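Asks: Mind looking over this structure? Questions follow.
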Amino acid sequence: MTIPHYVNEHTSEIRAIKPGWYGIESNGMLSSGLFSNQGECLTGITEARSNFRACRRRPLSVPSVEASTSGRALA
């Protein structure tokens with residue numbers, strides 16, 4: 001689950017990133033950001049989740065491939 005997290009100047013130097021708000025996973029990995037404040041971070045996390053769910057609901061477009069009797073695909 002992604003939560004908002006503020007990365008201060010000291011931590012940002014260690015991680016070699018800019019200080020600010022980031023989405024962080026439960027394993028400590030940054031998943032989104034840089035956001036200027038906590039509200040924008042929450043909005044960004046929420047939008048990323050809804051976009052991910054929308055992508056998962058779309059049916060995959062799989063090209064149809066005809067096979068010959070030998071099992072090879074026909075062009």
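Asks: Contact list please: Cβ distance under 8 Å, first residue in region 39-64 and more than 16 Å from Tyr6 (Cβ to Cβ), second residue modelled with pLDDT of 60 or more and not polar (S, T, N, Q), pairs at least six apart or on different chains.
Replies: Ala48/Gly23
Asks: Would you be able to tell me the number of residues in region 1-17 that are in contact with a helix residue (DSSP H, G or I) (Cβ under 7 Å, 6 or more places away or on another chain) and more than 22 Å from Thr46 (Cα to Cα)?
Replies: Here the count works out to 0.
Asks: I'd like the residue in region 5-46 that is among the hydrophobic types (A, V, I, L, M, F, W, C) and in a helix (DSSP H, G or I) and, out of all such residues, is surrounded by the fewest Cβ atoms within 10 Å (Cβ to Cβ). Walk me through how you get there before you give the answer.
Replies: Taking region 5-46 first, the residues among the hydrophobic types (A, V, I, L, M, F, W, C) are 7, 14, 16-17, 21, 24, 29-30, 34-35, 41-42, 45.
When the remaining residues are screened for being in a helix (DSSP H, G or I), the result is 14, 41-42, 45.
On the way: Ile14: 8, Cys41: 24, Leu42: 16, Ile45: 22.
Here the answer is Ile14.
The values are calculated or read from the model by the stated rules, or taken from the named source; none is laboratory data. Note that the structure is a prediction, hence the values are computed from the model and not measured. With ideal geometry, Cβ positions are generated from the backbone for all residues, glycine too; neighbour counts draw on all protein chains shown.
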